[in-house]
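Chemist: I have a structure I would like to understand better, so I am pasting it below and will then ask my questions one at a time.
All of the numbers you see were taken from the coordinates with simple rules; none came from a lab. What you are looking at is a predicted structure, and each value in this text was computed from that prediction instead of being measured. Glycine gets a Cβ as well: all are built from the backbone with ideal geometry, and neighbour counts include every protein chain shown.
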Amino acid sequence: MNEGNRCRTALTRLSPFPASAPDTPAPLDALGFANAWINSEPVLPSRLAGRVVLIDFWTYTCVNWLRTVPYRRAWIEKYAAYGLDLIGVHTPEFEFEHSLPNVRRAIDALGVTYPVAVDNNYAIWTAFDNHYWPALYVVDARGVVRQHEFGEGNYDESELMIQRLLTEAGATGFDRDLVQVDPSGIEVAADWAELRSPENYLGTDRAQNFVSVNGANHQYAAPPVLDLNHWALIGDWTVSRQSVALNHPTGSIRYRFHARDLNLVVAPPASGEKVSFEVRIDGSPPLTAHGADVDAEGNGLLDHPGVYQLIRQPGPVVDRTFEIEFQRAGVHAYSFTFG
């Protein structure tokens, strides 16, 4: 896996069902650990007997997973009639991703219609000894994990394995041509050739290259110049383990980056109030470089916790300085991702 395609990792957890062991007994039994199910009644292993099953670990703000979704949809649409099932396992990263209403909203917005197991306690994750979002486990009709894929890419190899296992199970008549997808918005694959900005978290647990000057009472200022992949807060912020929170309006985050796309994981105040924000790139409105969640003048509305696509550059990719200003206190920002 190349450096730009590395997925987000989580804490290592011991497991009775290591994914690396092809003779792992009954890994699908772990689905019984789900806290809840969305789009389905609880899926029991007996319902999956004799079918090829994809187990897809994800969390709804992970851009790496979002860029795999067009293929997941296409595979289940093409092969379900021939014996394929797809089970999503939503294992949250941030605290707001534990909320069922938030997960349901994301599933509806993405058009995900297959069953999703809610894994808030990391029980299914632990049973599979998983460490990544996204992670795809391909289980044959006998219930044995035959392949796993961590991260984005290798879609052809995954689909060829699906075809092989369906054939082993006795399926015939499906089209052997591999699926073609036409993604849009945040689901478009990254421009790997131009991607020189890695994901960065804003909380103290994993933040890198934070260069704000901290004054009295959490008043932050930015240096006059930011180096590539460095960032700063401007205004009255509290920095905690997972996020940065704006204490008083207005406040900004400034970031120097090199990528076609810039995304921000961010949440409105706990009260649920909607918050207006304004985006600038090199000090000006983004115009044709605006992302899906802002207009050409850089205006946007924060109305749910999630990942917002703020910049998509249409032309040559160069080092740029991004800034977002929020108009209300209580906003929590978690991480920047790029594409």
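Chemist: Could you tell me how many of the residues in the range 132-146 are touching a residue at least 40 places away in the same chain (Cβ under 8 Å), surrounded by fewer than 18 Cβ atoms within 10 Å (Cβ to Cβ) and over 13 Å from ILE162 (Cβ atoms)? Working first, answer last.
Modeler: If we filter the range 132-146 for residues that are touching a residue at least 40 places away in the same chain (Cβ under 8 Å), which is where we start, we get 132-141, 143-146.
From what's left, surrounded by fewer than 18 Cβ atoms within 10 Å (Cβ to Cβ): 144, 146.
With the extra rule that they be over 13 Å from ILE162 (Cβ atoms), the set shrinks to 144.
Result for the range 132-146: 1.
Chemist: Out of the residues in the range 323-339 that are buried (at least 22 other Cβ atoms within 10 Å of the Cβ) and of a type outside the set (Ser, Thr, Tyr), state the one that is farthest from the chain's Cα centre (by Cα).
Modeler: PHE326
Chemist: With the requirement that a residue be under 29 Å from ARG241 (Cα atoms), surrounded by fewer than 22 Cβ atoms within 10 Å (Cβ to Cβ) and among the polar types (S, T, N, Q), what does the range 69-122 give you?
Modeler: SER99, ASN102, ASN120, ASN121
Chemist: For the range 46-111, list the helices (runs of 4 or more DSSP H) that sit wholly inside it and hold at least 3 residues that are touching a residue at least 12 places away in the same chain (Cβ under 8 Å) and more than 20 Å from ALA34 (Cα to Cα); which are they?
Modeler: Values: elements: 63-66, 69-79, 100-110.
Answer list for the range 46-111: 63-66, 69-79.
Chemist: When only residues in the range 147-168 that are in contact with a helix residue (DSSP H, G or I) (Cβ under 9 Å, 6 or more places away or on another chain) and part of a loop (DSSP other than H, G, I, E, B) count, which is surrounded by the fewest Cβ atoms within 10 Å (Cβ to Cβ)? Before the answer, list the steps.
Modeler: If we filter the range 147-168 for residues that are in contact with a helix residue (DSSP H, G or I) (Cβ under 9 Å, 6 or more places away or on another chain), which is where we start, we get 147, 149, 151-153, 155, 158-159, 162-163, 166.
Within this subset, residues satisfying the condition of being part of a loop (DSSP other than H, G, I, E, B) are 151-153.
Details: GLY151: 20, GLU152: 22, GLY153: 18.
Result: GLY153.
Chemist: Moving to a separate point now. Name the residue, out of LEU100, LEU136, LEU195, that is within 21 Å of the chain's Cα centre (by Cα) and either within 24 Å of ASP303 (Cβ to Cβ) or not hydrophobic (A, V, I, L, M, F, W, C) (or both). Step through it out loud before you land on a result.
Modeler: Working: LEU136 fails: either within 24 Å of ASP303 (Cβ to Cβ) or not hydrophobic (A, V, I, L, M, F, W, C) (or both); LEU195 fails: either within 24 Å of ASP303 (Cβ to Cβ) or not hydrophobic (A, V, I, L, M, F, W, C) (or both).
Just a single option satisfies the conditions, and that option is LEU100.
Chemist: Are any residues in the range 42-68 of a type in the set (A, V, I, L, M, F, W, C), more than 24 Å from LEU160 (Cα to Cα) and surrounded by 17 or more Cβ atoms within 10 Å (Cβ to Cβ), and if so, which ones?
Modeler: Filtering the range 42-68 for residues of a type in the set (A, V, I, L, M, F, W, C) gives 43-44, 48-49, 52-55, 57-58, 62-63, 65-66.
Those left that are additionally more than 24 Å from LEU160 (Cα to Cα): 43-44, 62-63.
Across the range 42-68, the qualifying residues are VAL43, CYS62, VAL63.
Chemist: Would you be able to tell me the number of residues in the range 281-309 that are surrounded by fewer than 17 Cβ atoms within 10 Å (Cβ to Cβ), in contact with a strand residue (DSSP E or B) (Cβ under 8 Å, 6 or more places away or on another chain) and in a strand (DSSP E or B)?
Modeler: Qualifying residue count for the region: 2.
Chemist: Moving on. With in a loop (DSSP other than H, G, I, E, B) and either free of Cβ contacts under 8 Å to residues at least 40 places away in the same chain or surrounded by fewer than 18 Cβ atoms within 10 Å (Cβ to Cβ) (or both) as the only criterion, which of GLY235, GLY272 stands out?
Modeler: Details: GLY235 fails: in a loop (DSSP other than H, G, I, E, B).
That would be GLY272, the only listed residue that is in a loop (DSSP other than H, G, I, E, B) and either free of Cβ contacts under 8 Å to residues at least 40 places away in the same chain or surrounded by fewer than 18 Cβ atoms within 10 Å (Cβ to Cβ) (or both).
Chemist: Determine whether ALA171 is part of a loop (DSSP other than H, G, I, E, B), more than 21 Å from VAL112 (Cβ to Cβ) and touching a residue at least 12 places away in the same chain (Cβ under 8 Å). Full working, then the answer.
Modeler: On the way: part of a loop (DSSP other than H, G, I, E, B): yes; more than 21 Å from VAL112 (Cβ to Cβ): yes; touching a residue at least 12 places away in the same chain (Cβ under 8 Å): yes.
Spelling it out, ALA171 is indeed part of a loop (DSSP other than H, G, I, E, B), more than 21 Å from VAL112 (Cβ to Cβ) and touching a residue at least 12 places away in the same chain (Cβ under 8 Å).
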